[in-house]
Every structure is written in structure tokens, then in C-alpha cells.
Amino acid sequence: MSATRLSPVTVLLLTLPPLLWAGNAVVGRLVNDLVPPITLNFLRWVLAFVLLLPLAHWVWRRDSGLWPHWKRFAVLGLLGVGCYNALQYLALQTSTPINVTLVVASMPLFMLVVGRIGFAAPITRPAVLGAALSLAGVLVVLSRGDVAQLLRIRLVAGDAWMLLATAIWAVYSWMLTERKEPEAIRGDWAAFLMAQIGFGLVWSGVATAGEWLLPSNTPAHIDWGWPLVAALVYVAVGPSLLAYRCWGAGVQRAGPAMAAFFSNLAPLFAAVMSAFVLGELPKPYHALAFALIVAGIVVSSRR
């Protein structure tokens, strides 16, 4: 057996998004008192839309080839822009980063099931074994090398939101493999992402209006200041434009099921970030977790 479809470029494309998304979870938690979660998602993508305009404004022309496929982009925008990150920010209102990471660790399993049911993709033994190894690596991080830590984890309402978000991301990733749009758009990453963001902003805008207009125990408000502005710039450029660009390209190269294993690097990156922020040195269990996650990637990529 030999490794397949995992060139160094593909590995880089699929490793960068989890790194940026780990930072996204931390930032989302830090600013949850400054801006409502659905509004944060909307502002994030508005800024990303503005940044992409110079590169891909042409996609909105009548002759761009977008409009015959607008329904497809409307669905992609709903799943990837309107739902996933909004649900993640919503989950972080009541859940902890540890719990959210634990839920996201189920991503490879969701990818395998969604691929089988919705896209007739076979489930192979290496993929199942890889998922088990990768999940074991995540559990090592979450437990800090102590199984008793896992027994003390309690799921809350926010975890249900993240579970839904994980399932949505699996469907979104599989849809990226369908080449139904014109090559002029598919071959231009900025145009392809711009089309998704444009339709996604419609969905996100409606949800944001509901967040501000519907009665709530905590009325919506925004505390503007440099912390929020800095957070918006980061989540718009890193976890949005750069991460989505790399993830889309990586999924095209390796497939959604393989890409899902790389998403389990996020908790490891989050642990390392926390170590630097809190001044704590990495522990031996970090190395064990890294080895298990990488083993899952290697095993699942072999035939």
C-alpha cells in the first residue's frame, strides 16, 4: 500500500485552516460580551465581502455565468457562510471551547456518513481506522492525558448547536466536490468564494435582523472599540478568506473525507495557543495527541 493524494502542498492547504479556526474559536469566546453571535458572523462576512470586491466584483455581472447556477451558490452560502460560523459563535455563548472541540472531533465520522448517504462514497476500513486514531488524539488533548478529565465533561445546550454545525459543514464540504459551475468561476478562487459570500450575506442578514428584533432576555448590543475591530479583522481575513480558500482547494485535491481528519488538528493548535498565552510549556500528552492525529491522517490516506 502507498500513500495517495497527500502532496506537501495538499498537507499545507489542509493544515492552515484548522490553525486559523482554532484562533477563531478563541476570538469568538473573547468577544461574546461585545457583540451578539449572529451579528458577529454577519459583520465578519461583510468585511470579507468588501475585501474580495477588487478581485472578484465581475462575478455579479449578468454574463459571468453565475446566475444559471444561483441556486447552488445560495445553498453553499447558506451552509458555509450563513449557518456554520453563526452556530459556532452561538455555541460559544453557553459552551466551553473544550466541549466545542470535542463535538468538532466527530467531523471525520460525519464526513464518512454524509459521503455515503448523500454522495454514494464508499466507507473503507482505513478511513474508519483513521477516524478512530484521529479521535483518540483529540481525546488525549481534551483529557490532558488523564481519562478522569473526560468523565467530568458535561454537555450543554451550546454543544447541540455545534453538533448541528458539524453536520452542516460535512454537507458543505461534500458539495464543494461537485463541479457544476462554469470553469471561469470554479477556476477563480476569489470569484468562487465571492459568490458564496454574496448569497450567504442574505441568509446571515435575515438571521441578524431576527437577533435584533425578536424579544430576548439580553437585548442585542455592540460595544465598539479596538478589541472588537481587531477581532473582526482577524476573523474576516484569517478564518474566512484565507482558511476557506485553502480548505476549498484542499478538499478539491484530497476529498472531503480525507480533509476532515485535518480538522482534528484544531484542538491541538488550540492547546498550543493556550500554552503560549498562559505561559505554560507543552506537555508530553501534546506529543502523543499529535502522533495519533497524524497517524489517523496517514492511515486514512493509504489504500
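Just so it is clear, none of the values below were taken in a lab; they were calculated from the coordinates. Here the structure is a predicted model, which means the values were calculated and not measured. Neighbour counts are summed over all protein chains in view; Cβ atoms, including those assigned to glycine, are modelled from backbone coordinates with ideal geometry.
A cut-off of 5 Å between modelled amide H atoms, ignoring neighbours fewer than 5 places along the same chain, links residue 105 with no other residue.
Converting phi to 3J(HN,Hα) with the Karplus coefficients 6.51, -1.76 and 1.60 and the offset θ = phi - 60°, the range 236-241 yields 7, 8, x, x, 9, 5 Hz in sequence order, with x at every glycine or proline. In this simple spin-label approximation, residue 164 and residue 230 carry label points 7 Å from Cα along the Cα→Cβ vector, and these lie 3.3 nm apart. By the count of other C-beta atoms within 10 Å, a proxy for reagent exposure, 273, 194 are ordered fewest to most as 273, 194.
Ordered by the count of other Cβ atoms within 10 Å of each Cβ, fewest first, 7, 64, 240, 106 give 7, 64, 106, 240.
Ranked by the mean number of other Cβ atoms within 10 Å of their residues, highest first, the peptides 247-255, 175-183 fall in the order 247-255, 175-183.
At full extension, residue 93 and residue 53 could sit 11.2 nm farther apart than now, given 0.36 nm per residue minus the alpha carbon distance. Taken one residue at a time, the phi angles of the range 103-120 give Karplus couplings (6.51, -1.76, 1.60, θ = phi - 60°) of 5, 5, 4, 7, 3, x, 5, 4, 4, 5, 5, 4, x, 5, 6, x, 10, 6 Hz. Gly and Pro are set to x.
Per-residue packing, averaged as other Cβ atoms within 10 Å, sorts the ranges 30-40, 201-211 into the order 30-40, 201-211, beginning with the highest.
Among the trypsin sites (Lys or Arg not before Pro) found in the range 1-88, those both in a DSSP coil and sparsely packed, with 10 or fewer other Cβ atoms within 10 Å of their Cβ, are 61, 62. For the chain, the relative contact order works out to 42 percent when only alpha carbon pairs closer than 8 Å and six or more residues apart are counted. Around the Cα centre of the chain, unit charges on the Cβ atoms of Lys, Arg, Asp and Glu (plus for the first two, minus for the last two) sum to a dipole of about 820 debye. Residue-wise HN-Hα couplings along the range 198-212, as the Karplus relation 6.51 cos²θ - 1.76 cosθ + 1.60 with θ = phi - 60° gives them from phi, are x, 6, x, 5, 5, 4, 5, x, 5, 5, 5, 4, x, 5, 8 Hz; Gly and Pro carry x. Ranking of 76, 163 by neighbouring Cβ atoms within 10 Å, starting from the fewest: 163, 76. In summary, the chain shows an alpha-carbon radius of gyration equal to 0.99 times the 2.2 N^0.38 Å reference for compact globular proteins. Across the range 166-281, Cα pairs under 8 Å and at least six residues apart give a relative contact order of 38 percent. Applying 0.36 nm per residue to the separation of residue 152 and residue 129 and subtracting their alpha-carbon distance, the gain on full extension is 5.6 nm.
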